[in-house]
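Remarks on the structure that follows.
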């Protein structure tokens, strides 16, 4: 049998394979250069970029949990100006599709970041991190509310012609309502899910294991919930979905695609093994040969009842 076709169309974008490195888990890309060939990836999404540099939360801010990890990094970053001058030149030697994760304390900051980067040819799309806490809204994530989700996406679509992907929080009652709001606002796709809220306590000191007390849970433990939300949203919206949450193997990738994701993002697995993404791509190819699947795009949303 000939090699299976792993390429996937995602709106205006075409990924050579469906595996993307998720924001916040692989830095800005250069950190992995000695471990993998970045050109073998379907795509890469940078750490979240605020307009100004951000120091993040104090340590400890990562704690290992059963089948995953808890983190409260606080979206530490170098800011948009250093990103443009230091990181984008690095990416010019690679052809992998590049997405920039855009963060903001408020609607205006999201717009300022996109405005600053909108004309950069090396950037292929923006992933709008609507699941990050908004300090001006009492710590609420913008994607907890359909109106705020719609408003932010709509305002960014008026700035940039690049594809806009809305990254949503799983901590909502009806993900379908939030997804529809992003779609109505003009989103070209949706990333789902970000981390679930969690915590851990040291019973000897009776203190939280991380300084922020609450953090985001990621890793294999969240996969069943993430898979269910992708399945629900695929039945609701017409725009494509980037599925993520605990993906650690070829089987995980294919489950998400069959549930309705067009492409997937690898997160915590890359922290455990920097070469995990490339190993998973090769495993997907092998798995498809064994299952006699010829084109991965034809599996999207094709779950049998």
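The values are calculated or read from the model by the stated rules, or taken from the named source; none is laboratory data. Please read these numbers as outputs of a predicted model, since none were measured by experiment. In this analysis, Cβ positions are derived from the backbone assuming ideal geometry, glycine residues included, and neighbour counts consider all displayed protein chains.
Numbers below:
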{"quantity": "Hits in the range 269-297 - residues which are in a helix (DSSP H, G or I) and farther than 16 Å from residue 251 by Cα", "calculated": "270, 271, 272"}
{"quantity": "Failed item in (1) out of contact with any helix residue (DSSP H, G or I) (no Cβ under 9 Å at 6 or more places or on another chain); (2) in contact (Cβ under 8 Å) with a residue 12 or more places away in the chain, with residue 34 passing the rest", "calculated": "(2)"}
{"quantity": "Among (1) in a loop (DSSP other than H, G, I, E, B); (2) surrounded by fewer than 18 Cβ atoms within 10 Å (Cβ to Cβ); (3) touching a residue at least 40 places away in the same chain (Cβ under 8 Å) - the single one residue 52 does not satisfy", "calculated": "(3)"}
{"quantity": "Qualifying residues in the range 3-31 (those that are touching a helix residue (DSSP H, G or I) at 6+ places or on another chain (Cβ under 9 Å) and modelled with pLDDT under 95) - the one surrounded by the most Cβ atoms within 10 Å (Cβ to Cβ)", "calculated": "26"}
{"quantity": "Filtered residues of the range 181-214 (kept if assigned to a loop (DSSP other than H, G, I, E, B) and touching a strand residue (DSSP E or B) at 6+ places or on another chain (Cβ under 8 Å))", "calculated": "185, 186, 187, 188, 193, 194, 195, 199, 200, 209, 210, 214"}
{"quantity": "Hits in the range 88-105 - residues which are in a helix (DSSP H, G or I) and either out of contact with any strand residue (DSSP E or B) (no Cβ under 9 Å at 6 or more places or on another chain) or at pLDDT below 95 (or both)", "calculated": "89, 90"}
{"quantity": "Top-ranked residue of the range 149-180 - restricted to ones that are touching a strand residue (DSSP E or B) at 6+ places or on another chain (Cβ under 9 Å) and assigned to a helix (DSSP H, G or I), ranked as surrounded by the fewest Cβ atoms within 10 Å (Cβ to Cβ)", "calculated": "157"}
{"quantity": "Tally of residues being assigned to a loop (DSSP other than H, G, I, E, B) and either touching a strand residue (DSSP E or B) at 6+ places or on another chain (Cβ under 8 Å) or closer than 24 Å to residue 114 by Cα (or both) across the range 1-49", "calculated": "19"}
{"quantity": "Among (1) loosely packed, with under 15 Cβ neighbours inside 10 Å; (2) in contact (Cβ under 8 Å) with a residue 12 or more places away in the chain - the single one residue 80 does not satisfy", "calculated": "(1)"}
{"quantity": "All positions within the range 236-246 that are within 22 Å of residue 14 (Cα to Cα) and over 12 Å from the mean Cα position of the chain (by Cα)", "calculated": "237, 238, 239, 240"}
{"quantity": "Filter result (farther than 15 Å from residue 113 by Cα and modelled with pLDDT under 95) within the range 153-169", "calculated": "169"}
{"quantity": "Some residue of the range 106-121 being assigned to a loop (DSSP other than H, G, I, E, B), touching a strand residue (DSSP E or B) at 6+ places or on another chain (Cβ under 8 Å) and either buried (at least 16 other Cβ atoms within 10 Å of the Cβ) or modelled with pLDDT of 95 or more (or both)", "calculated": "no"}
